[in-house]
Protein chains: 4
Amino acid sequence: MASFNALVMKRLGVYCSGGDAPGMNAAIRAVVRTAIVNKLEVVGFVGGYSGIHDNKHLSLDLRSVANIIQRGGSILKAGRSPEFMQAEGRKKAADNIKANGIDALVCIGGDGSFTGAHTLWNEHKIPVVGVPGTIDNDILGSDDTIGFDTAVNTALDAIDRIRDTAASHDRLFIVEVMGRDSGFIAIAAGVAGGAEDIFIPEHPFQLEKTIEIIKRGMARGKTSSILVTAEGQKPGRAYDLAEAIRKHAGLQAKVCILGHIQRGGSPTANDRILASRMGMTAVQLLLNGSCDIMVGSQGESLVMIGFADALKSKKQVNQPLIELAQVLSN
Amino acid sequence: MASFNALVMKRLGVYCSGGDAPGMNAAIRAVVRTAIVNKLEVVGFVGGYSGIHDNKHLSLDLRSVANIIQRGGSILKAGRSPEFMQAEGRKKAADNIKANGIDALVCIGGDGSFTGAHTLWNEHKIPVVGVPGTIDNDILGSDDTIGFDTAVNTALDAIDRIRDTAASHDRLFIVEVMGRDSGFIAIAAGVAGGAEDIFIPEHPFQLEKTIEIIKRGMARGKTSSILVTAEGQKPGRAYDLAEAIRKHAGLQAKVCILGHIQRGGSPTANDRILASRMGMTAVQLLLNGSCDIMVGSQGESLVMIGFADALKSKKQVNQPLIELAQVLSN
Amino acid sequence: MASFNALVMKRLGVYCSGGDAPGMNAAIRAVVRTAIVNKLEVVGFVGGYSGIHDNKHLSLDLRSVANIIQRGGSILKAGRSPEFMQAEGRKKAADNIKANGIDALVCIGGDGSFTGAHTLWNEHKIPVVGVPGTIDNDILGSDDTIGFDTAVNTALDAIDRIRDTAASHDRLFIVEVMGRDSGFIAIAAGVAGGAEDIFIPEHPFQLEKTIEIIKRGMARGKTSSILVTAEGQKPGRAYDLAEAIRKHAGLQAKVCILGHIQRGGSPTANDRILASRMGMTAVQLLLNGSCDIMVGSQGESLVMIGFADALKSKKQVNQPLIELAQVLSN
Amino acid sequence: MASFNALVMKRLGVYCSGGDAPGMNAAIRAVVRTAIVNKLEVVGFVGGYSGIHDNKHLSLDLRSVANIIQRGGSILKAGRSPEFMQAEGRKKAADNIKANGIDALVCIGGDGSFTGAHTLWNEHKIPVVGVPGTIDNDILGSDDTIGFDTAVNTALDAIDRIRDTAASHDRLFIVEVMGRDSGFIAIAAGVAGGAEDIFIPEHPFQLEKTIEIIKRGMARGKTSSILVTAEGQKPGRAYDLAEAIRKHAGLQAKVCILGHIQRGGSPTANDRILASRMGMTAVQLLLNGSCDIMVGSQGESLVMIGFADALKSKKQVNQPLIELAQVLSN
């Protein structure tokens, strides 16, 4: 956490970075509206750090953010920037920010994006406040990130549909959800979907236990099962799991990789509200002269976390949910 | 909060009471599964306190709760009981509970239901643990109640649809949501739906401000607006509001009362997970000999709250959300 | 049906009129894209006949219609025009059309809109082709109108939700759907929702039969029922029905008026495809020099119907669906 | 088409066969209700021809089919039967049908299922009427099959979500939908989803044209595209397409295979109505002594088609939709 002289602040920049997440538009809307209420001008960079580097921006007013709270994706696009990984690229980005008369930034994104924002402060004293927007929910210091709730409900809707057909055909399904090396989506969608077992990257496969659960279910007349797995480092983990189950238990599993549908769609109420609160708070923090921090949600409150602290490690899946999954799948 | 001798506990009862809420089935499932894992038998009373009074019950096993986690409504039905308001009726209910060999109960419902459960302990030493299930989210001691998230998303989907037609016709709409004398659904659906103003029972109408917001929007080219109001003590408040706006500002508003669609539908991921956690925890608390309490959610944790404390007053709508609504509607 | 010299056609106008309907944007997109492929310019009038009368228009290109196929409402708005009811107003509208160099028009709307279009041809020789867009599905000569499928599915989703709570509380519900004096939405949503009885404006209430159906259901253990009624000439018919049932059978019914949610929302696949086909065909008909007609769907084909024929009378609800409703509700 | 003596008919059998499809439950409900109104008993075989072969059945009454019209999957399950491919297995099945006193059958399924039904009549004079239930919509003689509309809307919802993220990241996506060697789902979901190009098994890839469309779009500022492809004989065609595009145009495409989510979910209004009409009609045809036929939908009418005619060849994708796709994607 750091502070800067916010008294002279006249113009704010905002951008989305990393993977897109439903609710980013609601966050942009809240940033713009709060800024305008506080007599600030707002500039949006298009495409994240690339947009800053390439000086692609547009000015944002109340009309720009009308009727976007319900839209998936991001009107400012999102993305990753190889140039920004280099000191030279960051120098160019910082020069653009200053040349545009932008006094401070709101960054909507995940841990990679916050690393960039932290560096912008360290190297160029550009004040940034972060708003955690990622479906993966893996940001230390925030119970929830923007987009997570929508992604979980999208995955859940798919699991509900798959259960219909699984039950009609006495089948074993393996559903792979997103989350990279984080198991948040898997554990939430799996518990909510009544999955027979859930595989998260944080834990090794425990095939014996899984197979026992499936066979115990069969013994009492259950004929279909759904396993949910996080994708892990790259999509396709479900195929390995299907192969292992075939080998160990002679059971054929059908694989369903949900993929990018989990990134889109109109955001849920929770994601819109979280995004609105966080966007507003980010601007208020900048108005107070706070920077090099992100906004986090803890219980019903919003808190601020230094980027340095938030980036120290990855957030872990809550143990109680793991236990819940174990009790209920029996 | 009180305690009882749980060592001899063999048979558990479960019932839903008051208005139904999406996620009640997920809670029943969690109660049954957790009980069975712990070698308890489970009996479900049908129709809440009426069912206890009339001795309408059925035995619940793993098959009874298969494939219900995604269903709206309640397989045990819900309802209110006039007989149970009388000491005599409660005596009859307590006798039925004992005659069925039921050692303890899980009550899924709202404040009226918990008042009944608290009385059962006081008058007849029947141990009950409560699980807050009501779309109104008005239970002191719990950030969220089962069904609230689903009801808000249902209301939000309706608001999104109404905005389509409002924008196509340059119209002013007043959308009335449920919540009785609580403004939780209104404030959440209103903020998430980008409503121009939100009316909650906790506050008087501030028509001047509302009309100013609408006119300011018109001045900058906005041609349609949506106001969201809680129903208040009885449905129909939206009509009074429409009439007041017509009188004070000469504006015609169309009224849309969302009504009972908000009680139904497949529960959201959040509601299923909350219900599953609370149902499991309720049984675990009974196994520990705790009773005359309800399970509450606070942040990411579950806590226990004595019925007496939970029933002391109504939960108030969070001030930050009200402020958020004010900033973003400007 | 009439014909005009289409060889000199260079600029096309398009507008939406009457109530808005989901899928109108898909129709606009198809009109614009087909026109551009055929080297025509396109102008959109905003707000229907009012927009023509007040000369409110914008030019439309491929970018204008990108990413709108999935949106509810209409980017050109819709609406009714009192001025256009007068010969003088129509004269002014015709003058505007000519002054803008517009050679022909596509009108997306219902029977009121087509009456206007027919008059434009008769009085001022403005060539118009109509595309039936109304949720009411009451246009003679077309099996389906744009928006009907979406409205029915929205109503159905509401009925499904209401059934959850009806079944949990052993209740009788009356659900009022849109359709003005046409029973298409009521019969479709009622049959699909498994309603116990359906009331359409084309038929008088047959309360004795309805009450008998409900009582017969009760006799075999059914405790909840849903009746679906069309709104009739104005919203509120459901209250009359509830009162009649209370009087004749002593049964209390809860009323739910779905209202304007039925006009909004992302269009279904059927509505988007129908709108796309009809929009494309309307332009092709104009290119062939045909006018004073609307496009109709009959089976899997599109046909053309003279406005005069389409406006002769109202389309009647299909008798087979009424019989189906009677057999299945028994 | 054939006829049998229906005067002595007392007991009807019903089964689902092949892949399951949303709306099968609505068809079962209509069969049961229509049969009971006509004083027939109904028996359901579980798991299609396997269930007949293994004599797994249950008796169905009004309560069995209450509250199922809105459910995906099939309460009678579905499936394929290797035993039934052999004359011996069919003999055993026919014996079971007769031993259970079943006079006639309703078969809900696709062309494989109807081949079996046709053989049952030819070899054993078991009267069967078919109801086309398959998401693939590939049955000659019926405009629509039960489940197709739901599957298309599920695929469309996924495409809408993917477009959000495609647009936020300037990406090219290839979405693979179901339909085996039929392109119906692909063409419908692709047109409704505004796909830049659609690949169906009936046509060879025309990569040059596709790449030209994408590049033309890029040239006018479009940065994201979605291609939709049918799966073809087996899932995975999308990967071949991605590889071909990479090779020919140097474009990286992301692949999303929608898979089994397309088989599940609550059926749309259209599928429920079609299923209800067809189920009722199938029983009425049997009551008239007609058999060895299926019910087909043509326009707004239901017709009967001899199994022999329906099985002659595959239904072809409508040419107008293909042309529509070409005009609108330009």
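The values are calculated or read from the model by the stated rules, or taken from the named source; none is laboratory data. Since the structure is predicted, the reported quantities are computational estimates derived from the model, not experimental observations. Note: ideal-geometry Cβ built from the backbone for every residue, glycine included; neighbour counts use all protein chains shown.
Against the conditions (1) buried (at least 23 other Cβ atoms within 10 Å of the Cβ); (2) of a type outside the set (A, V, I, L, M); (3) outside any loop (DSSP other than H, G, I, E, B); (4) within 15 Å of the chain's Cα centre (by Cα), where does B:Asn137 fall short? Just the number, please.
(3)
Residue-by-condition table, conditions (1) of a type in the set (Gly, Ala, Ser); (2) surrounded by fewer than 24 Cβ atoms within 10 Å (Cβ to Cβ); (3) without any contact (Cβ under 8 Å) to a residue 60 or more places away in the chain:
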position	(1), (2), (3)
D:Ala186	yes, no, yes
D:Gly193	yes, no, yes
D:Glu212	no, yes, yes
D:Thr223	no, yes, yes
D:His248	no, yes, yes
D:Gln262	no, no, no
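Run A:Leu105 past the list (1) touching a helix residue (DSSP H, G or I) at 6+ places or on another chain (Cβ under 6 Å); (2) outside any loop (DSSP other than H, G, I, E, B); (3) buried (at least 24 other Cβ atoms within 10 Å of the Cβ) and report the number of the one that doesn't hold.
(1)
Any idea how many residues of the range B:298-324 are more than 9 Å from chain A (Cβ to nearest Cβ) and either surrounded by fewer than 21 Cβ atoms within 10 Å (Cβ to Cβ) or assigned to a strand (DSSP E or B) (or both)? Talk me through it step by step, then tell me what you get.
Keep residues of the range B:298-324 that are more than 9 Å from chain A (Cβ to nearest Cβ), which gives B:303-317, B:319, B:322.
With either surrounded by fewer than 21 Cβ atoms within 10 Å (Cβ to Cβ) or assigned to a strand (DSSP E or B) (or both) added as a condition, the list becomes B:303-306, B:308-309, B:311-316, B:319, B:322.
Adding up the residues that qualify gives 14.
List the residue pairs whose Cβ atoms are under 9 Å apart, where the first residue sits in the range A:73-90 and is of a type in the set (S, T, N, Q), the second is assigned to a strand (DSSP E or B), and the two are 6 or more positions apart or on different chains.
Between residues of the range A:73-90 that are of a type in the set (S, T, N, Q) and residues that are assigned to a strand (DSSP E or B), the close pairs are A:Ser74/A:Cys16; A:Ser74/A:Ile108; A:Ser74/A:Gly133.
Here's a check for you: in the range B:47-79, which residue that is within 14 Å of chain C (Cβ to nearest Cβ) and of a type in the set (Lys, Arg) is farthest from B:Gly89 (Cα to Cα)?
Only one residue tops the list, namely B:Arg71.
Any idea which of A:Gly130, A:Gly141 is away from every other protein chain (no Cβ under 14 Å), within 30 Å of A:Val177 (Cα to Cα) and at pLDDT 95 or above?
Details: A:Gly141 fails: away from every other protein chain (no Cβ under 14 Å).
Unique residue meeting the criteria: A:Gly130.
How many residues does the range D:211-227 contain that are within 11 Å of chain C (Cβ to nearest Cβ) and more than 23 Å from A:Gly264 (Cα to Cα)?
2
Give the range B:284-308 a look and list any residue that's farther than 30 Å from C:Arg163 by Cα and either β-branched (Val, Ile, Thr) or free of Cβ contacts under 8 Å to residues at least 12 places away in the same chain (or both), or say none. Even if it seems obvious, please write down each step before you answer.
Residues of the range B:284-308 farther than 30 Å from C:Arg163 by Cα: B:284-293, B:298-308.
Hits for the range B:284-308 are B:Ile293, B:Glu300, B:Ser301, B:Val303, B:Ile305.
Go through the range B:230-246 and give me each residue that's in contact (Cβ under 8 Å) with a residue 12 or more places away in the chain and either surrounded by fewer than 18 Cβ atoms within 10 Å (Cβ to Cβ) or of a type in the set (Val, Ile, Thr) (or both). Let's see the steps before the verdict.
The first filter runs over the range B:230-246 and keeps only residues in contact (Cβ under 8 Å) with a residue 12 or more places away in the chain, leaving B:230-233, B:235-239, B:241-242, B:244-245.
Passing the criteria: B:Gln233, B:Pro235, B:Gly236, B:Tyr239, B:Ala244, B:Ile245.
Taking C:Ala219 as the residue in question, decide whether it is crowded, with 24+ Cβ neighbours inside 10 Å and closer than 29 Å to D:Asn25 by Cα. Even if it seems obvious, please write down each step before you answer.
Working: crowded, with 24+ Cβ neighbours inside 10 Å: no; closer than 29 Å to D:Asn25 by Cα: yes.
Considered against the rule, which asks whether it is crowded, with 24+ Cβ neighbours inside 10 Å and closer than 29 Å to D:Asn25 by Cα, C:Ala219 comes out as no.
Would you confirm whether any residue within the range B:45-55 is assigned to a strand (DSSP E or B) and buried (at least 24 other Cβ atoms within 10 Å of the Cβ)? It would help to see each step written out before you state the result.
So the first thing to find is which residues in the range B:45-55 are assigned to a strand (DSSP E or B), and the list is B:45.
Cutting the leftovers down to buried (at least 24 other Cβ atoms within 10 Å of the Cβ) gives us B:45.
Within the range B:45-55 (the criterion being assigned to a strand (DSSP E or B) and buried (at least 24 other Cβ atoms within 10 Å of the Cβ)), the answer is yes, since at least one residue qualifies.
Out of all the residues in the range B:172-182, which are crowded, with 24+ Cβ neighbours inside 10 Å and either at pLDDT below 95 or under 26 Å from C:Thr134 (Cβ atoms) (or both)?
Here is the first cut: in the range B:172-182, the ones crowded, with 24+ Cβ neighbours inside 10 Å are B:173-179, B:182.
B:Phe173, B:Ile174, B:Val175, B:Gly179, B:Ser182 - these are the residues of the range B:172-182 that are crowded, with 24+ Cβ neighbours inside 10 Å and either at pLDDT below 95 or under 26 Å from C:Thr134 (Cβ atoms) (or both).
Sort out which residues of the range D:254-272 are more than 11 Å from D:Val152 (Cα to Cα) and among the basic types (Lys, Arg), and write them in order of number.
D:Lys254, D:Arg272
Please find, among A:Thr150, A:Thr115, A:Thr119, A:Thr154, the residue that is free of Cβ contacts under 8 Å to residues at least 40 places away in the same chain and assigned to a helix (DSSP H, G or I). Spell out the reasoning first.
Working: A:Thr150 fails: free of Cβ contacts under 8 Å to residues at least 40 places away in the same chain; A:Thr115 fails: free of Cβ contacts under 8 Å to residues at least 40 places away in the same chain; A:Thr154 fails: free of Cβ contacts under 8 Å to residues at least 40 places away in the same chain.
Answer to the check: A:Thr119.
Take the residues of the range A:195-210 that are farther than 14 Å from A:Arg237 by Cβ and within 14 Å of another protein chain (Cβ to nearest Cβ): which is surrounded by the fewest Cβ atoms within 10 Å (Cβ to Cβ)?
Here the residue is A:Glu196.
Across the range D:244-269, what is the total count of residues that are basic (Lys, Arg), away from chain A (no Cβ under 12 Å) and touching a strand residue (DSSP E or B) at 6+ places or on another chain (Cβ under 9 Å)?
Looking only at the range D:244-269, we keep the residues that are basic (Lys, Arg), and these are D:246-247, D:254, D:263.
Next cut, away from chain A (no Cβ under 12 Å) only: D:246-247.
Filter again for touching a strand residue (DSSP E or B) at 6+ places or on another chain (Cβ under 9 Å), leaving D:246.
Summing the residues that are basic (Lys, Arg), away from chain A (no Cβ under 12 Å) and touching a strand residue (DSSP E or B) at 6+ places or on another chain (Cβ under 9 Å) in the range D:244-269 gives 1.
From the list A:Ala230, A:Ala238, which one is over 30 Å from B:Ile159 (Cβ atoms), more than 17 Å from the chain's Cα centre (by Cα) and not assigned by TED's automatic domain parsing to the domain that holds A:Ile68?
On the way: A:Ala230 fails: more than 17 Å from the chain's Cα centre (by Cα).
None of the other options fit; the residue is A:Ala238.
Has the range B:163-171 got any residue that is in a loop (DSSP other than H, G, I, E, B), within 11 Å of chain C (Cβ to nearest Cβ) and either of a type outside the set (Gly, Ala, Ser) or crowded, with 23+ Cβ neighbours inside 10 Å (or both)? Walk me through it before giving the result.
Keep residues of the range B:163-171 that are in a loop (DSSP other than H, G, I, E, B), which gives B:170-171.
Restricting the remaining residues to those that are within 11 Å of chain C (Cβ to nearest Cβ) gives B:170-171.
Subsequent filtering for residues that are either of a type outside the set (Gly, Ala, Ser) or crowded, with 23+ Cβ neighbours inside 10 Å (or both) retains B:170-171.
Within the range B:163-171, one or more residues are in a loop (DSSP other than H, G, I, E, B), within 11 Å of chain C (Cβ to nearest Cβ) and either of a type outside the set (Gly, Ala, Ser) or crowded, with 23+ Cβ neighbours inside 10 Å (or both).
Mind listing just one residue for me: the one in the range B:144-156 that is away from chain C (no Cβ under 14 Å), crowded, with 24+ Cβ neighbours inside 10 Å and not β-branched (Val, Ile, Thr) and, of those, farthest from B:Ala21 (Cα to Cα)?
B:Asp149
Based on what the data block shows, is B:Phe307 at pLDDT 95 or above, over 30 Å from A:Thr145 (Cβ atoms) and among the aromatic types (Phe, Trp, Tyr)? Talk me through it step by step, then tell me what you get.
Details: at pLDDT 95 or above: yes; over 30 Å from A:Thr145 (Cβ atoms): yes; among the aromatic types (Phe, Trp, Tyr): yes.
Considered against the rule, which asks whether it is at pLDDT 95 or above, over 30 Å from A:Thr145 (Cβ atoms) and among the aromatic types (Phe, Trp, Tyr), B:Phe307 comes out as yes.
Across the range A:1-48, which residue is farthest from the chain's Cα centre (by Cα) among those that are among the polar types (S, T, N, Q) and within 15 Å of A:Ala104 (Cα to Cα)?
Of the range A:1-48, the ones among the polar types (S, T, N, Q) are A:3, A:5, A:17, A:25, A:34, A:38.
In the following step, the residues that additionally are within 15 Å of A:Ala104 (Cα to Cα) were identified as A:3, A:5, A:34, A:38.
Values: A:Ser3: 27, A:Asn5: 31, A:Thr34: 23, A:Asn38: 28 Å.
Filtering first and then ranking leaves A:Asn5.
Answer with yes or no whether C:Ile159 is closer than 16 Å to C:Val14 by Cβ, touching a residue at least 24 places away in the same chain (Cβ under 8 Å), within 13 Å of chain D (Cβ to nearest Cβ) and not acidic (Asp, Glu). Show your work before the answer.
Working: closer than 16 Å to C:Val14 by Cβ: no; touching a residue at least 24 places away in the same chain (Cβ under 8 Å): yes; within 13 Å of chain D (Cβ to nearest Cβ): yes; not acidic (Asp, Glu): yes.
Against the criterion (closer than 16 Å to C:Val14 by Cβ, touching a residue at least 24 places away in the same chain (Cβ under 8 Å), within 13 Å of chain D (Cβ to nearest Cβ) and not acidic (Asp, Glu)), C:Ile159 does not qualify.
Determine if the range B:63-75 includes at least one residue that is of a type in the set (S, T, N, Q) and either crowded, with 23+ Cβ neighbours inside 10 Å or at pLDDT below 95 (or both). Before the answer, list the steps.
Within the range B:63-75, the subset of a type in the set (S, T, N, Q) is B:64, B:67, B:70, B:74.
Narrowing the set further to residues that are either crowded, with 23+ Cβ neighbours inside 10 Å or at pLDDT below 95 (or both) leaves B:67, B:74.
Yes, the conditions are met somewhere in the range B:63-75.
From the set of residues in the range A:1-42 that are surrounded by 20 or more Cβ atoms within 10 Å (Cβ to Cβ) and part of a strand (DSSP E or B), which is nearest to the other protein chains (Cβ to nearest Cβ)?
Looking at residues that are surrounded by 20 or more Cβ atoms within 10 Å (Cβ to Cβ) and part of a strand (DSSP E or B), I get A:Cys16.
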